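Reading through the structure tokens given below for one structure.
The values are calculated or read from the model by the stated rules, or taken from the named source; none is laboratory data. Given the structure is predicted, the values throughout are model-derived calculations rather than measurements. All Cβ positions, even for glycine, are placed from backbone atoms using ideal geometry, and neighbour counts span all protein chains on display.
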Amino acid sequence: MKKLRGVKYLPENATYDEINSPVGRLTIITSIKGLHAVLWENDCANPKVEKIISDLKKHGNESTIVRTKMQLTEYFQGKRKIFDLPLVLDGTDFQIKVWKQLINIPYSMTISYAEQAEKIGDKNKARAVGIANGLNPISIIIPCHRVIGSNGHLTGFGGGLEKKSFLLSLEKNQVRGYRVHHPTYNR
């Protein structure tokens with residue numbers, strides 16, 4: 001088992017592939033359980049993460065990788081507002097609670113860290129929510145980019161604030177016709 005930020009362990013059979021996107025190269029990590037991570041280029045520049053990925057088998061034809069690449073492509077084309085992928089949420093109980101709540105933020109909408117903390121039951125945990133959001137390993141698909149500061153400003157984002165701004169602008173330009181769908185979780 002291998003360790004990765006926001007993921008307790010990756011199974012030995014984990015595989016990866018990459019996709020070029022409008023926000024740079026994204027690295028997708030999956031296993032037979034489902035999707036473990038969508039990482040930013042700056043994540044992969046970390047020597048520890050780079051080492052973990054180099055030990056994985058690159059497998060562009062693995063079914064969850066194929067589905068993830070297709071759905072991300074559709075998202076960036078403005079054709080997909082809801083992802084339908086088997087997510088492997090492998091953080092602490094608190095992190096998983098925070099990440100599941102992120103999925104409930106509607107496409108093109110934003111909430112503050114304080115509002116997110118209140119939605120999970122403790123309005124005083126905004127800072128802890130921010131830390132858990134920062135450890136979200138499944139970027140874009142678990143939309144931590146939809147959480148902003150209480151003052152309405154963009155704050156903290158693993159991919160960088162310019163990418164957060166891009167994702168929010170993309171969604172605001174495609175606001176028509178979404179439906180709520182709750183993905184499956186594998187733990």
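Of everything listed in (1) of a type outside the set (S, T, Y); (2) surrounded by fewer than 15 Cβ atoms within 10 Å (Cβ to Cβ); (3) assigned to a loop (DSSP other than H, G, I, E, B), the single unmet condition for E74 is (3). Could you tell me whether any residue of region 102-109 is over 17 Å from L167 (Cβ atoms), among the β-branched types (V, I, T) and touching a Phe, Trp or Tyr at 6+ places or on another chain (Cβ under 9 Å)? So far as region 102-109 goes, no, none of its residues is over 17 Å from L167 (Cβ atoms), among the β-branched types (V, I, T) and touching a Phe, Trp or Tyr at 6+ places or on another chain (Cβ under 9 Å).
Restricting the search to region 34-67, which residues are part of a loop (DSSP other than H, G, I, E, B) and in contact with a helix residue (DSSP H, G or I) (Cβ under 9 Å, 6 or more places away or on another chain)? Give the derivation first.
Applying the first criterion (part of a loop (DSSP other than H, G, I, E, B)) to region 34-67 yields 40, 45-46, 55-56, 59-62.
Listed by number, the residues that qualify are W40, H59, G60.
Against the numbered list (1) assigned by TED's automatic domain parsing to the domain that holds P143; (2) surrounded by 19 or more Cβ atoms within 10 Å (Cβ to Cβ); (3) among the polar types (S, T, N, Q), T64 comes up short only at (1).
May I ask you to verify whether S108 is over 21 Å from I28 (Cβ atoms) and in contact (Cβ under 8 Å) with a residue 40 or more places away in the chain? Walk me through how you get there before you give the answer.
Details: over 21 Å from I28 (Cβ atoms): yes; in contact (Cβ under 8 Å) with a residue 40 or more places away in the chain: yes.
Spelling it out, S108 is indeed over 21 Å from I28 (Cβ atoms) and in contact (Cβ under 8 Å) with a residue 40 or more places away in the chain.
With respect to (1) assigned by TED's automatic domain parsing to the domain that holds K163; (2) more than 13 Å from the chain's Cα centre (by Cα), the lone exception for Q101 is condition (2). Filtering region 56-102 to residues that are free of Cβ contacts under 8 Å to residues at least 40 places away in the same chain and charged (D, E, K, R) leaves R67, E74, K79, R80, D93, K97. Residues in region 146-169 that are within 22 Å of E74 (Cα to Cα) and free of Cβ contacts under 8 Å to residues at least 40 places away in the same chain: E162, K164, S165, S169.
Inspect region 106-117 for any residue being in contact with a Gly (Cβ under 7 Å, 6 or more places away or on another chain) and under 22 Å from L35 (Cβ atoms) and give the result as yes or no. Full working, then the answer.
Taking region 106-117 as the starting set, the residues that turn out to be in contact with a Gly (Cβ under 7 Å, 6 or more places away or on another chain) are 112-113.
Checking which are under 22 Å from L35 (Cβ atoms) leaves us with none.
For region 106-117, residues in contact with a Gly (Cβ under 7 Å, 6 or more places away or on another chain) and under 22 Å from L35 (Cβ atoms): absent.
As for region 54-61, it holds no residue that is of a type outside the set (S, T, N, Q), modelled with pLDDT of 95 or more, over 17 Å from G91 (Cα atoms) and crowded, with 17+ Cβ neighbours inside 10 Å.
When you look at T73, is it over 21 Å from K100 (Cα atoms), touching a helix residue (DSSP H, G or I) at 6+ places or on another chain (Cβ under 6 Å) and modelled with pLDDT of 95 or more, yes or no? The answer is no for T73.
Given the condition modelled with pLDDT of 90 or more, in contact with a helix residue (DSSP H, G or I) (Cβ under 9 Å, 6 or more places away or on another chain) and more than 20 Å from N133 (Cα to Cα), answer yes or no: does some residue in region 85-94 qualify? Within region 85-94 (the criterion being modelled with pLDDT of 90 or more, in contact with a helix residue (DSSP H, G or I) (Cβ under 9 Å, 6 or more places away or on another chain) and more than 20 Å from N133 (Cα to Cα)), the answer is no, since none of the residues qualifies. Screening region 32-51 for residues that are more than 14 Å from I140 (Cα to Cα) and touching a strand residue (DSSP E or B) at 6+ places or on another chain (Cβ under 7 Å) and picking the one that is surrounded by the most Cβ atoms within 10 Å (Cβ to Cβ) gives G34.
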